[in-house]
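A.B. asks: One structure coming up, written as structure tokens, with questions to follow.
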Amino acid sequence: FERAELQELDKKHFLHPTSSIEQLQEQGPTFIFAEGQGIYLKDMDGRTVIDGLSSLWNVNMGHGRQELGVAAMEQMSSLGFSSCFANFSHEPVIRLAAKIAQLTPGDLNTTFFTSGGSESNDTAFKIVRHYWILKGQPEKKKIISRKKSYHGVAMGATSATGLKPFRDFTNSLAPDFYYVDSFLPESLRDMIEKEDPDTIAAYIAEPVQGTGGVLPAPKEYFKEVQKICDEYNILFIADEVITGFGRTGKYFGIEHYGVTPDLMSIAKGITSGYIPLGGVVLSERIHQELIELSSGMFLHGYTYSGHPVACAVALKNLELIERERAVENARTMGTHMLKGFERLQQKHEMVGEVRGLGLMGAIELVKDKTTNERFAQPAAPMVVSEAMKRGLICRGVLYEGADTLVFAPPLIITEQQIEEMIDILHDSLTAVGKEIGL
Ligand code: PLP
């Protein structure tokens, strides 16, 4: 197929996920990607770009990893699919569940598998509510999340998402979801008191909010939050869909905060995105109570819960992470990336706060550094577009008045490649600065 033909077919037949329908109808897809290698993606015309967001914060071990393809092929050739419902199982799912238990902090030891982050969060909400039914407290059903959070697009996940535009997409959300300030533990306490602790099932949070604009929680935040959850008998769900498997320079984002949640949602980086897979990891305590209290069926399961091919790819991907010391690399390269951002801050009037944890980073764009005043028209889309022309994909975040650039390159990135990113950003910021007359 020629590019023009593909573009027309795309416009007519493909409804893109999370996209501007208007822009797509006018311009068609910007890139029609054909291959990838390491941190680079190449489109059908041979244009090469740095995948500065690891596609969707997920291609953690980079593109073109043949070993992952071989793992999938071998598994498909021996057992492409078999059910995990009822009393059926298979080796890849058992080995992966055991591996996750080894990697996750504390007593998070038992995994329920899904095919992605949204399913993981919906599953977590159903499990905590089921747990309270078993405990004889069925009125404990409310879920509290944070205002700048993103938890996905399934019905429960959308309802839990604090970023309002995602909720406004539809006109009937799931009931019993509440939102508190993202950084103030007292806001959680106030909401619990107001809503009555006996009606609250769980609190969910991303250790570093990703879609909201790479917002790490303050150092002591989760310790305070855990105390509050314990005090009011509320379960704590960590959404590690982005932050899991090395992204922040530790295996899991919550490890930076010295607490262990009751449940953990995972997805994305577990397979580096090569095949859909997610899960909810339960603490030993929750799992034991489910075993002891359960009398009927556990009536929750997806056809693809524990897909053997996805599990085989995940096992190989986790092996690569370990073998290539990708978590350590994320930590050291994260420091380099942040230093690069700080250099940009010195050179460019429009670069305000810069921040990051491991290989999640953000640059705030401001009209005035001293007052943090924003541009009337956000500058992030312009910088993103200039960067793309120069060979770097990154994302602009504009929710709730933000004007932020966010980055999450593959964990295998090198120092030289970080410099390549920073150089492109420097040129792009210079071009935008000229355009808006700075
Ligand atoms: N939770 C978080 C923190 C996410 O960032 C995302 C996706 O970006 C999700 C959940 C939803 O995951 P998925 O898109 O795989 O359904």
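The values are calculated or read from the model by the stated rules, or taken from the named source; none is laboratory data. If you're wondering where the values come from, they're calculated on a predicted model, not measured in any experiment. Note: ideal-geometry Cβ built from the backbone for every residue, glycine included; neighbour counts use all protein chains shown.
A.B. asks: Would you check which residues across segment 4-38 are among the aliphatic types (A, V, I, L, M) and more than 25 Å from the chain's Cα centre (by Cα) and list them?
C.D. replies: Of everything in segment 4-38, those that are among the aliphatic types (A, V, I, L, M) and more than 25 Å from the chain's Cα centre (by Cα) turn out to be A4, L6, L9.
A.B. asks: Is at least one residue of segment 354-371 of a type in the set (A, V, I, L, M) and either over 23 Å from the mean Cα position of the chain (by Cα) or modelled with pLDDT under 95 (or both)?
C.D. replies: Of all residues in segment 354-371, those of a type in the set (A, V, I, L, M) come to 354, 357, 359-360, 362-363, 365-366.
Narrowing the set further to residues that are either over 23 Å from the mean Cα position of the chain (by Cα) or modelled with pLDDT under 95 (or both) leaves 366.
There is at least one residue in segment 354-371 that is of a type in the set (A, V, I, L, M) and either over 23 Å from the mean Cα position of the chain (by Cα) or modelled with pLDDT under 95 (or both).
A.B. asks: Same structure, new question: Regarding T248, is this residue of a type in the set (S, T, N, Q), over 12 Å from the mean Cα position of the chain (by Cα), away from the ligand (no atom under 12 Å from the Cβ) and part of a loop (DSSP other than H, G, I, E, B)? Let's see the steps before the verdict.
C.D. replies: On the way: of a type in the set (S, T, N, Q): yes; over 12 Å from the mean Cα position of the chain (by Cα): no; away from the ligand (no atom under 12 Å from the Cβ): yes; part of a loop (DSSP other than H, G, I, E, B): yes.
Answer is no for this residue.
A.B. asks: Just a yes or no: is a residue in segment 390-398 in the same structural domain as S55 (by TED's automatic domain parsing), assigned to a loop (DSSP other than H, G, I, E, B) and without any contact (Cβ under 8 Å) to a residue 24 or more places away in the chain? So that I can check it myself, show each step before the final result.
C.D. replies: Narrowing segment 390-398 to residues in the same structural domain as S55 (by TED's automatic domain parsing): 390-398.
Still in the list and also assigned to a loop (DSSP other than H, G, I, E, B): 390-391, 394, 398.
Subset that is without any contact (Cβ under 8 Å) to a residue 24 or more places away in the chain: 398.
Yes, the conditions are met somewhere in segment 390-398.
A.B. asks: Name the residue, out of I228, I254, I242, that is assigned to a helix (DSSP H, G or I), modelled with pLDDT of 95 or more and either aromatic (F, W, Y) or within 16 Å of the ligand (Cβ to nearest atom) (or both). Spell out how you get there, then give the answer.
C.D. replies: On the way: I228 fails: either aromatic (F, W, Y) or within 16 Å of the ligand (Cβ to nearest atom) (or both); I242 fails: assigned to a helix (DSSP H, G or I).
Exactly one residue qualifies, and that residue is I254.
A.B. asks: Right, something else. Return yes or no: is K126 farther than 14 Å from I266 by Cα and in contact with a His (Cβ under 8 Å, 6 or more places away or on another chain)? So that I can check it myself, show each step before the final result.
C.D. replies: Working: farther than 14 Å from I266 by Cα: yes; in contact with a His (Cβ under 8 Å, 6 or more places away or on another chain): yes.
Spelling it out, K126 is indeed farther than 14 Å from I266 by Cα and in contact with a His (Cβ under 8 Å, 6 or more places away or on another chain).
A.B. asks: Could you check how many residues of segment 114-154 are more than 28 Å from P308 (Cβ to Cβ) and within 12 Å of the ligand (Cβ to nearest atom)?
C.D. replies: 5
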